[in-house]
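A quick write-up on the structure given underneath.
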Amino acid sequence: MTATKSKKTIQIKYIRSVICTPKKHKAVVKGLGFTRLYQVIEREDTPSIRGMVNKVPHLLEIVTSK
């Protein structure tokens, strides 16, 4: 049996619509898995996820970091 490590996660909230934003911003929001406004999702806390959130800080916010 292999021991499972508990991975760090962050909760991200979609706080502003992507209407009238560049296509790249829309792709980032969709790539993170958001489908609705004010939706909160939990993702693994990796540099790539943090980088995606940092590209669109005006559309997303980090709720908690575990």
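The values are calculated or read from the model by the stated rules, or taken from the named source; none is laboratory data. As the structure is a prediction and not an experimental result, all values here were calculated from the model. For neighbour counting, all protein chains shown are included, and Cβ atoms are generated from backbone atoms with ideal geometry for every residue, glycine included.
From the list 61, 44, which residue is touching a strand residue (DSSP E or B) at 6+ places or on another chain (Cβ under 8 Å) and surrounded by fewer than 13 Cβ atoms within 10 Å (Cβ to Cβ)? Among 61, 44, only 44 is touching a strand residue (DSSP E or B) at 6+ places or on another chain (Cβ under 8 Å) and surrounded by fewer than 13 Cβ atoms within 10 Å (Cβ to Cβ). Total residues in region 21-41 satisfying the condition of being surrounded by 12 or more Cβ atoms within 10 Å (Cβ to Cβ) and either assigned to a strand (DSSP E or B) or among the hydroxyl-bearing types (Ser, Thr, Tyr) (or both): the figure is 3. Within region 39-66, the residues that satisfy the criterion of being in contact with a Gly (Cβ under 8 Å, 6 or more places away or on another chain) and either more than 10 Å from residue 13 (Cα to Cα) or modelled with pLDDT under 95 (or both) are 43, 52. Only one entry of 18, 53 meets the criterion of being assigned to a loop (DSSP other than H, G, I, E, B), crowded, with 16+ Cβ neighbours inside 10 Å and not hydroxyl-bearing (Ser, Thr, Tyr), and that entry is 18. For region 1-24, taking the residues that are of a type in the set (S, T, N, Q) and farther than 16 Å from residue 40 by Cα, the one that is modelled with the lowest pLDDT is identified as 2.
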